[in-house]
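The values are calculated or read from the model by the stated rules, or taken from the named source; none is laboratory data. This one's a predicted model, so the numbers in the text were calculated from it and none came from an experiment. A quick note on method: Cβ atoms are made from the backbone with ideal geometry, for glycine too, and the neighbour counts reach across all protein chains shown.
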Amino acid sequence: MVRVAYDLVKHLIPPEERKKVRKKEPCRVCGELVCRCLADEYAGQCRLSGFPVLRPEVQFDPTRKWRLDFVFLSIDYLLAVEIDGGTYSQGRHTRGAGYEEDCRKINEAQIAGYTVLRFTGAMVKSGEALDQTEHALRAFGWRKENP
């Protein structure tokens, strides 16, 4: 499948249909179309909090090539984190097909033994994601070395 910029093909779309086509906007912070700002922010929060090492973009299903945003490295548990951006802007994670595919992915990860925490961008920014992550880590027996 070849992707072309919306600006190059919008004249081919009837005016009444143009509103249905969403133009993908770059991130306001980094300018990239595929933004990792929320993931970087979350990873930084975890690092500053003294959490165990996070491994980003962990592939857990080789046939579908699904990846989890983060997995905490430990031999005692498999704790994964998924961060869903665009929650309030009709992003991929909240629209029908994208949401359905996310359900399949999370279900398969849980069947494979992962405990998956799922957060929105607002939860990362407010610190709620960090609090829930710490709660989950403690439930698995993790304790901060220097409280």
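Anything in segment 125-140 that is touching a Phe, Trp or Tyr at 6+ places or on another chain (Cβ under 8 Å) and either surrounded by fewer than 17 Cβ atoms within 10 Å (Cβ to Cβ) or of a type in the set (F, W, Y) (or both)? List them, or say none.
E128, Q132, E134, F140
If you take the residues of segment 77-102 that are at pLDDT below 85 and assigned to a loop (DSSP other than H, G, I, E, B), which of them is nearest to K125 (Cα to Cα)?
That would be G85.
Can you pull out every residue in segment 109-124 that is surrounded by 15 or more Cβ atoms within 10 Å (Cβ to Cβ) and either without any contact (Cβ under 8 Å) to a residue 24 or more places away in the chain or in a helix (DSSP H, G or I) (or both)?
Passing the criteria: A109, G121, M123, V124.
Return yes or no: is K105 part of a helix (DSSP H, G or I), of a type outside the set (A, V, I, L, M, F, W, C) and either touching a residue at least 60 places away in the same chain (Cβ under 8 Å) or at positive phi (or both)?
Criteria not met by K105.
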